[in-house]
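To start, the structure itself, in structure tokens.
The values are calculated or read from the model by the stated rules, or taken from the named source; none is laboratory data. The structure presented is a predicted model; accordingly, all values stated were derived computationally and were not measured. Using ideal geometry, Cβ is built from the backbone for each residue, glycine included, and neighbour counts are taken over all protein chains shown.
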Amino acid sequence: SFERDSKNISRRYKDFLTLLIASLIVKRFVKGEKPYTADELSDAYRIPIRITTQILYQLTELHIIIEVNYGDDERVVHYQPAIDVNKITVSYLLTRMDEYGSENFKIDTSKLFSKEWKALLKTREDMIKANDNILLKDL
């Protein structure tokens with residue numbers, strides 16, 4: 001079912017939905033239109049509300065978007081970009097997503113597992129460089 005599938009979402013598809021939601025919010029802001037709510041994003045683009053709210057929370061934590069009040073009902077939260085839309089590229093978003101959270105564990109990434117760590121970082125870096133100039137507002 002739809003709900004079950006939303007619990008088993010792949011990392012790649014969740015990254016896609018995160019990019020999509022961030023891009024939609026940025027583009028609406030650039031047009032000067034009313035900011036989206038979670039329900040509007042979920043309904044208009046058929047994204048399960050649970051995933052939509054998780055992504056909006058993550059984007060807020062990453063300081064990509066902020067919550068704003070819009071209109072008369074202060075209980076309804078809307079979302080708009082938190083920073084200059086000319087700085088929000090695909091690579092900026094993916095880097096923020098990748099680096100969010102703790103990496104302060106006792107695994108030796110400098111010597112014992114340096115090859116594995118460097119291989120991961122190199123792969124990420126190459127992916128980021130390839131998308132460095134693609135602005136979300138232009139998608």
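Assuming Lys111 fulfils every condition listed in (1) basic (Lys, Arg); (2) part of a helix (DSSP H, G or I); (3) more than 30 Å from Lys7 (Cβ to Cβ); (4) modelled with pLDDT under 95 apart from one, which condition is it?
With (1) basic (Lys, Arg); (2) part of a helix (DSSP H, G or I); (3) more than 30 Å from Lys7 (Cβ to Cβ); (4) modelled with pLDDT under 95 applied to Lys111, the lone miss is (2).
Which of the residues spanning segment 50-97 are under 12 Å from Ala22 (Cα atoms) and touching a Ser or Thr at 6+ places or on another chain (Cβ under 6 Å)?
Thr52, Ile55, listed by residue number.
Give the residue, chosen from Lys115, Lys129, Lys137, that is among the basic types (Lys, Arg) and farther than 24 Å from Val26 by Cβ.
Going through Lys115, Lys129, Lys137 in turn, just one is among the basic types (Lys, Arg) and farther than 24 Å from Val26 by Cβ: Lys115.
Say whether the condition of being surrounded by fewer than 16 Cβ atoms within 10 Å (Cβ to Cβ) and within 18 Å of Lys137 (Cα to Cα) is met by at least one residue in segment 38-59.
yes
What number of residues within segment 18-71 satisfy the criterion of being under 19 Å from Asn86 (Cα atoms) and not hydroxyl-bearing (Ser, Thr, Tyr)?
Result for segment 18-71: 21.
What do you reckon, is Val68 exposed (fewer than 13 other Cβ atoms within 10 Å of the Cβ) and within 20 Å of Lys31 (Cβ to Cβ)?
yes
For residues that are touching a residue at least 12 places away in the same chain (Cβ under 8 Å) and not in a helix (DSSP H, G or I), tally how many sit in segment 15-70.
Going through segment 15-70 one residue at a time, the tally reaches 14.
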